[in-house]
Each structure stands twice: as structure tokens, then as C-alpha cells.
Amino acid sequence: MSLLNTHLESINFKGRLSVLGMEHPVRTSPLSLVVKAMIESAKSVYKVEPSVIPNSVGTQPMELFVKGLGIKECVSAIGAGDTSSNAHAPNENVSIENFYKAILHSAEFFRIYSKL
């Protein structure tokens, strides 16, 4: 954080940044069983090859599961939105169809993962 504050001072930024909370990064191998189950369940529900994004710009408290609880394979979420959902915007939305598909995806994920 001090390097960022030093840079901001160098460009005449007049404020200060403070860390209020921190999530440490974790990574699950894209070859892991949990990722395999996520891919297979997505194909089953959505009938298309899913996009696998190995790193996300967002954050969730996955460190708690991986480092705190010792769970070695962890994925962050099954999303219900699409490109028009406006995630985290004032007009964020999810269609009822996508909401129910996410429920089906969750059930299918647990079914497949439990058999691996």
C-alpha cells in the first residue's frame, strides 16, 4: 500500500488510501476434479462449452476454505447472470430463466462432483 500511496503523491493526488480489509488470493488447478465437475455440469445444463476463466477480477472469501479449512479444491460460484445483468450496478438484474438454470446447475454440479 505504501508504494501505491507514493505513486499517488507523485501525481499530486491529495488523498490517502487505507486498507480496511484484505482477501488473500487462492487458486484451484483448472485440471482439478471440482473444476471438471463445474465444466461438465455447465455443459449439461446450458448445452454449450463453458468459458473457463482461471483468474477473476472480483473477490470472494475463498482463502477461508482453502487455507483455514484445508479444502484444496475450491471454485467461487455458479453465476445466474448474463451479459445484460449489469452486475453490481444500480439496475443489476437476473432473469427468472437464468435464476432457475443456476439452481439446476448447482444441483447438477453436486450430483457430478459427488461421483468423482
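The values are calculated or read from the model by the stated rules, or taken from the named source; none is laboratory data. In this text, all values refer to a predicted model and were calculated from it rather than measured experimentally. Using ideal geometry, Cβ is built from the backbone for each residue, glycine included, and neighbour counts are taken over all protein chains shown.
Quick check: anything in the stretch 27-37 farther than 20 Å from Ile71 by Cβ and in a loop (DSSP other than H, G, I, E, B)?
no
Name the single residue, out of those in the stretch 1-26 being in a helix (DSSP H, G or I) and in contact (Cβ under 8 Å) with a residue 12 or more places away in the chain, that is nearest to Glu97 (Cα to Cα).
Looking at the filtered set, the residue picked out is Leu4.
Of (1) modelled with pLDDT of 95 or more; (2) within 14 Å of the chain's Cα centre (by Cα), Ser44 satisfies all except one. Which?
(2)
Evaluate the following for Leu64: is it under 23 Å from Glu23 (Cα atoms), not charged (D, E, K, R) and not in a loop (DSSP other than H, G, I, E, B)?
yes
Hey, any hits in the stretch 54-69 for a residue that's surrounded by fewer than 12 Cβ atoms within 10 Å (Cβ to Cβ) and on the phi > 0 side of the Ramachandran plot?
no
Can you find even one residue in the stretch 82-102 that is surrounded by 15 or more Cβ atoms within 10 Å (Cβ to Cβ), at pLDDT 90 or above and among the aliphatic types (A, V, I, L, M)?
Checked the stretch 82-102: at least one residue is surrounded by 15 or more Cβ atoms within 10 Å (Cβ to Cβ), at pLDDT 90 or above and among the aliphatic types (A, V, I, L, M).
Output the residue which, of all residues in the stretch 38-54 that are outside any helix (DSSP H, G or I) and free of Cβ contacts under 8 Å to residues at least 24 places away in the same chain, is farthest from Ala107 (Cα to Cα).
Filtering the stretch 38-54 down to residues outside any helix (DSSP H, G or I) leaves 47-54.
Restricting the remaining residues to those that are free of Cβ contacts under 8 Å to residues at least 24 places away in the same chain gives 47-53.
Numbers: Lys47: 16, Val48: 18, Glu49: 18, Pro50: 17, Ser51: 20, Val52: 19, Ile53: 21 Å.
Of everything passing the filter in the stretch 38-54, Ile53 is farthest from Ala107 (Cα to Cα).
Looking at the stretch 74-116, which of its residues are in contact (Cβ under 8 Å) with a residue 40 or more places away in the chain, of a type outside the set (A, V, I, L, M) and not in a helix (DSSP H, G or I)?
Cys74
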